[in-house]
Structures are given as C-alpha cells and as structure tokens.
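Single-structure report; data block below.
The values are calculated or read from the model by the stated rules, or taken from the named source; none is laboratory data. Please read all numbers here as calculations on a predicted model, not as lab measurements. Using ideal geometry, Cβ is built from the backbone for each residue, glycine included, and neighbour counts are taken over all protein chains shown. For the accessible areas, the whole protein counts, side chains as well, though only heavy atoms, and no ligand, DNA or RNA atoms are used. Shrake-Rupley method; radii C 1.70, N 1.55, O 1.52, S 1.80 Å.
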Number of protein chains: 2
Amino acid sequence: MYRPLARLSAAEAVFNAIRGDIESELIPVGSKLNSEATLSQQYGVSRSVIREALRSCTALGLTVTRTGKGTFVVASKVANDLTLGQYSARDLTEARPHIEVPAAGLAAERRTPEELDVLRGIVAAMATETDPESWVALDSSFHATIARASGNRVFASVVADIRDALAHQSETLNMVADRQHASDVEHQEILAAIEAGSAENARAAMAHHLEAVGVALDSILNN
Amino acid sequence: MYRPLARLSAAEAVFNAIRGDIESELIPVGSKLNSEATLSQQYGVSRSVIREALRSCTALGLTVTRTGKGTFVVASKVANDLTLGQYSARDLTEARPHIEVPAAGLAAERRTPEELDVLRGIVAAMATETDPESWVALDSSFHATIARASGNRVFASVVADIRDALAHQSETLNMVADRQHASDVEHQEILAAIEAGSAENARAAMAHHLEAVGVALDSILNN
DNA sequence: GCTGTCCGGCTGTCTGACAGGTTCACGCCT
DNA sequence: AGGCGTGAACCTGTCAGACAGCCGGACAGC
C-alpha cells in the first residue's frame with residue numbers, strides 16, 4: 001500500500017545517522033567523532049560521502065572540524081538563532097577592528113560630556129562586577145556607547161549588531177574569565193584617551209584591546 | 001596591527017561566496033546554480049570542494065540538489081524554524097501512513113458521537129472553503145481529530161506534531177490547488193467508514209488518501 | 001630535565017573514473 | 001505530418017587513490 005519516496009543519497013543517510021547520534025546525545029557534546037577514514041569503514045562508504053555528511057553537521061553548528069585533529073561535537077541540537085546569529089565568531093573578530101577603531105577615534109573628538117559620564121559609569125561598574133554575564137552586558141554597553149559617541153549612525157548601528165551577535169556566542173562567555181581584568185585595564189585606557197580627546201590614542205587603545213581579545217578568542221577556537 | 005584568524009578552507013570560502021550570492025538574491029530563489037563542473041572551474045577548485053560547499057547550503061535549507069538536474073535555490077535566507085521543523089517533507093510523508101492508518105482504524109471503533117459531529121462539520125466546511133490556508137487548517141483538524149478519536153494519546157500527540165510540521169512547509173500549500181477536490185472526496189470516504197464503524201474500511205480509505213497525497217507531494221518535490 | 005626532531009595519524013584537496021538520472025533532438029515508423 | 005522511441009550530452013552520486021600540511025606524542029640528544 002505504501003510506496004516510499006525517492007531514496008536517500010548515501011551522504012544524506014550518513015548525515016541522518018550521525019545527526020541522530022548527536023541529537024540523542026549518544027555521541028555527547030565535547031567528544032570527538034571517529035576519523036573520516038574510520039567512519040568510512042564503519043558506514044561502508046567512501047571518505048567523500050563521510051566528508052559531505054560531516055559538512056552538513058558543521059553547517060548546522062552541530063560539529064566543528066579542525067585540521068589534523070578531527071571532528072568534535074559542539075552542540076546536541078541545532079541552534080535556533082542560526083538566522084540571527086548570521087555572523088560567525090571569525091566574521092565578527094575580523095570585522096570589529098575595522099569598525100570600532102575608527103569609531104573610537106571619532107568618539108574621542110565628538111563625545112559629549114553626558115556620553116563621557118556614561119562611559120565612566122560603565123567602566124566603574126565593570127571593575128566590581130563578578131558575574132560573567134553581567135560583565136559581558138556591561139562590555140557590550142561600553143562598546144556600543146563609544147560607537148554612538150562617534151556621532152556616526154552607521155558605526156552605532158553596526159556595532160550594536162556586532163555586540164548583539166557576540167553576546168549570543170558561548171565563546172564570549174568562555175573568554176571572560178581569562179580576560180576580565182585585562183579588559184578592564186584596556187577599557188580604562190580607551191576611556192582615558194576619549195576623555196583626553198585624543199583620537200590617535202583612542203584608536204591605538206581600541207586596536208590594542210581588540211587585538212588582545214582576538215588572540216584570546218582565537219586560542220579558544222583552536223584549543 | 002591586525003592579525004587575521006586561521007585561514008578559511010577552500011570549501012568554506014566557496015560556501016560563503018555562494019551563500020552570499022543567495023542571501024543577497026544575486027542568485028534569485030527558484031533559479032538553478034551552475035553545474036558542479038562549471039562552478040569548479042569558476043572558483044578554481046576541485047569538484048569535491050564545490051560539492052561540500054553545496055552540501056552546506058543544502059543543510060541550511062538554501063538549496064536542493066536533484067540527481068541529473070542540478071542544484072536549485074529554494075530560499076534566500078536560512079529558515080529560523082530549522083530547529084522546530086526538524087522533520088523533512090520526506091520524513092513526514094514516510095511516517096504518516098504508519099501512524100494515521102492504524103489510528104483511523106481505531107477511530108472507527110472508538111469514536112464518540114461528539115467526535116463524529118466534529119468530523120462531519122470539518123468535512124462540510126472543507127467542501128466550501130476556497131482559501132488554501134484555511135483549507136489546510138481544516139485538513140489539519142480533520143486528521144488531528146481522527147487521531148484523538150483513536151483513543152490513543154500517542155497517536156493523538158504524534159499526529160498533532162506531524163500536522164504542525166506539515167502546516168509550516170510550503171510544499172503543503174503548493175499541493176492544495178491540485179489536490180483539494182480529490183482530498184475532499186477521500187475525506188468523505190474516511191468519514192463514512194468511521195461513521196459506519198468499519199475499521200478495515202477506515203484503514204483502507206486513509207491509506208488510499210495518504211498514498212494519493214504522497215504521490216502528489218513526490219511529484220512536487222521532483223518536478 | 002628540557003628541548004628538538006621525527007613519525008604516525010588526521011584533515012584538506014585534487015584527479016580520474018564510472019554508474020545512473022534527466023533532457024532534448026533526431027530520425028524512424030505509422 | 002505527427003507521434004514515438006532512442007541515443008547522445010549533460011548532470012549528480014559515489015568511489016579509489018594520492019599527496020600536502022597540520023597536530024600530537026614519542027624518543028633521542030643535550
């Protein structure tokens with residue numbers, strides 16, 4: 001009575017199998033999948049098919065693959081903010097300096113006294129904040145406020161988007177513990193430059209800060 | 001001042017490029033991508049890399065690939081119900097008969113007079129309904145009511161899930177125009193069997209209905 | 001004890017090949 | 001002339017084998 005639909009391709013079948021194992025947590029988050037060669041033998045298909053299946057898992061954010069090491073499970077289910085979180089950590093880290101550094105320079109020249117007050121308040125609050133999530137929220141405000149203080153609506157809007165995306169990434173939180181104190185110091189330097197009205201120093205301080213953050217994120221992504 | 005993150009693999013780079021073209025609607029929805037061999041030449045990489053990149057697009061629901069025909073753009077952005085819409089049209093069509101057919105049989109034996117009234121009302125409404133979306137909603141109610149009438153909470157729950165997922169798929173709507181009248185007739189036959197208390201006839205009528213729907217969906221998926 | 005080097009394992013990519021699905025035009029038959 | 005089958009061209013799906021580059025650990029030398 002029942003006629004099946006078109007056959008699944010081998011790659012789809014393997015993808016379904018692996019995805020099922022991951023979503024059922026049969027393969028727990030954090031663990032390493034078998035090597036492509038091993039999976040190839042296990043499923044009785046060529047390595048090309050395995051790679052395409054893993055590529056699907058990676059596209060859905062279930063796994064990450066690192067050259068020379070293997071493929072690792074990073075989530076047991078598909079994140080539902082795949083749409084909104086359209087920026088990858090790499091995209092963000094790469095783009096930030098190009099936007100936030102010039103924005104900091106403009107902010108040093110154009111900031112109002114009120115904006116300075118806000119920034120001082122944020123920096124002070126961060127120094128005593130111990131909860132990582134709250135600290136990240138303050139960090140977002142700090143950078144967003146500087147972008148607004150640049151007087152350029154494009155910078156303000158883009159930085160707001162970037163901060164929003166960053167706040168939704170687990171790497172951000174993982175990084176806080178190591179970077180919190182260092183970031184506080186760097187923030188103070190940025191603030192000082194903006195207070196002094198030195199665009200050059202503000203750009204340098206912001207560049208230094210983002211560089212350090214980028215390095216930290218990089219090491220987390222490749223550990 | 002700025003050190004880039006780890007290089008993107010060729011497959012990731014090509015994926016980003018194609019995804020960008022799709023999301024910017026530079027490659028409009030409905031159009032066909034160049035063949036894998038052609039893309040291979042265009043991007044200067046091997047066909048394997050192209051296939052992995054396209055596999056990523058397909059995993060995100062941006063494209064579908066059909067053997068012997070090519071790869072087609074089906075969405076300009078990643079759907080945000082990738083999580084919820086965890087069932088593919090294929091999954092649904094494949095599973096439905098195994099659940100709804102026995103449920104119809106049980107419903108014929110266990111339905112209450114009140115449930116019969118509800119079903120009659122739905123069938124009557126569908127016969128005069130012209131708006132496709134409203135018709136689909138009634139269709140969902142019809143199948144869900146039968147599942148509830150089976151007296152088996154598992155069937156009721158599963159069918160509700162299935163109907164919910166189906167209602168969110170564009171293929172469902174595309175199919176209505178062609179199938180509406182035929183489905184109305186088939187629904188009447190199912191209702192008649194359930195009214196008569198004939199489990200055998202109810203199963204047969206439901207099986208026939210789902211078979212016809214499956215064929216229609218199949219032709220849409222492979223047109 | 002520390003360091004540097006080497007090796008085995010793994011991913012990233014390429015090449016070439018063949019099977020099977022799809023389309024279309026050409027030519028044959030009616 | 002019109003319908004029909006058939007084959008050629010093109011496309012995706014899969015396979016096997018190969019090699020470069022990255023990574024981790026073992027092992028020898030200082």
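Under the 0.36 nm per residue contour assumption, what length would be gained going from the current alpha-carbon distance of residue A:23 and residue A:198 to full extension? Working shown, then result.
Numbers: separation 175, 0.36 × 175 = 63.00 nm, distance 5.23 nm.
Additional length available on full extension: 57.8 nm.
On a full-extension model of 0.36 nm per residue, what is the gain between residue B:181 and residue B:112, subtracting their alpha-carbon distance, rounded to one decimal in nm?
On the way: separation 69, 0.36 × 69 = 24.84 nm, distance 2.72 nm.
Full extension of this stretch gives 22.1 nm more.
In peptide B:106-113, what is the residue-averaged number of other protein chain Cβ atoms found within 10 Å of each Cβ?
On the way: counts 0, 0, 0, 0, 0, 0, 0, 0.
For this peptide, the per-residue mean of nearby foreign Cβ atoms is 0.
In square nanometres, what is the average projected area of the Cα convex hull of the range B:10-73? Write out the running numbers ahead of the final one.
On the way: hull surface 14.9 nm².
Approximately 3.7 nm², given one-decimal rounding.
Between residue B:37 and residue B:120, what length in nm is gained on full extension when 0.36 nm per residue of separation is reduced by their alpha carbon distance? Before the final figure, lay out each step's value.
Numbers: separation 83, 0.36 × 83 = 29.88 nm, distance 5.58 nm.
Taking residue B:37 through residue B:120 to full extension adds about 24.3 nm, to one decimal.
Note down the magnitude of the dipole of the range B:10-73 about its Cα centre, charges +1 on Lys and Arg C-beta and -1 on Asp and Glu C-beta and zero elsewhere, to the nearest 20 debye. If you can, show how the numbers build up before the last one.
Details: 7 positive and 6 negative charges, 63 e Å.
Taking the Cα centre of the range B:10-73 as origin, the dipole is about 300 debye.
Round to the nearest 0.05 the FRET efficiency obtained for residue B:66 and residue A:130 when R0 = 51 Å and r is the Cβ-Cβ distance.
Values: r = 56 Å, r/R0 = 1.09.
Efficiency for this residue pair is about 0.35.
Considering the options A:65, A:16, A:26, tell which one lies farthest towards the positive end of the dipole of the range A:10-73, charges being +1 on Lys and Arg and -1 on Asp and Glu at the Cβ, about the Cα centre.
A:65
Counting only protein heavy atoms and rolling a 1.4 Å probe, how much accessible area do B and A lose on contact, total for both sides, in Å² to 100?
On the way: alone 12590 and 12610 Å², together 21910 Å².
It comes to approximately 3300 Å² buried between B and A.
Name the residues of the range A:52-67, by number, that are at least 30 Å² less accessible with every protein chain in place than in the isolated chain; the surface is that of heavy atoms, probe 1.4 Å, without ligands or nucleic acids.
Those are A:52, A:55, A:56, A:59, A:60, which lose 30 Å² or more relative to the chain on its own.
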